[in-house]
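All remarks here apply to the structure that follows.
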Amino acid sequence: MALNADFIGREYPVSAPYLVGREKIREFARAIGEANLVFFDCVAARALGYPDLIAPPTFATVVAMESSHVVMFDPDLGLDFTRVVHAEQSYAYARPICAGDELIVSTMIDNIRTVAGNDMLTTKASIDTVNGEHVVTATSVLVSRGVDS
């Protein structure tokens, strides 16, 4: 079943706030093999002008994940998650995510297109502080593989 192209531009409800914790940053940095002290040591991060530990760039995925599930499992969209492959991910940062940030996510469907019988779904997630400061936009492209004949 093809994705419903009428969903282009659809915005989903803002996520519940996510409080970024130091240990979550450290756990994530260890999991991806990161060794930079700004992800582990508050003194090192503050020496570079940050208010606290900063998160590795891909940590934004942790924050945006729940919001992206709302899109992926929207029954009216028509996405068969058993056929999905993650094709692309990018981040446009206004500033790094820092420990202590309380973040919310607004997700929208940016594009739906068909390429070689496969549906491609592009979403944009705006990650902002609860006070309205924009932190990062995460763009994701999912491919829903076409049904074999």
Item to check | C-alpha long axis of helix 60-72 to longest principal axis of the chain, angle in ° | outcome: 20 degrees
Checklist entry - Taking region 53-97 as the region of interest, what is the percent of Cα-Cα pairs per 10 angstrom bin, listed from the shortest bin to the one with the maximum distance? => result 21, 45, 25, 9, 0
Item to check | Positive minus negative residues near D119 (Lys, Arg vs Asp, Glu; Cβ under 10 Å) | outcome: +2
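In square nanometres, what is the average projected area of the Cα convex hull of region 98-139?
So the mean shadow area of the Cα hull is 3.4 nm².
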Checklist entry - Tilt of helix 22-31 relative to the longest C-alpha principal axis of the chain, in degrees (0 to 90, nearest 10)? => result 60 degrees
Item to check | Dimensionless Rg over Rh [the chain; C-alpha; Kirkwood] | outcome: 1.04
Checklist entry - When every alpha-carbon pair in region 5-67 is counted, what percent end up more than 13 Å apart? => result 66 percent
Checklist entry - If you add up the charges near Y18, with Lys and Arg at +1 and Asp and Glu at -1, over every other residue whose beta carbon is less than 13 angstrom from its beta carbon, what do you get? => result -3
Next on the checklist: Within 13 Å, Cβ to Cβ, of A138, how many net charges do the neighbouring residues add up to if Lys/Arg are +1 and Asp/Glu are -1?
Outcome noted: -3
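A short reminder: the numbers here are calculations on the coordinates, not readings from a lab. Remember, it's a predicted structure, so these values are computed and weren't measured experimentally. Ideal geometry is used to build each Cβ from the backbone, glycine not excepted, and the neighbour counts take in all protein chains shown.
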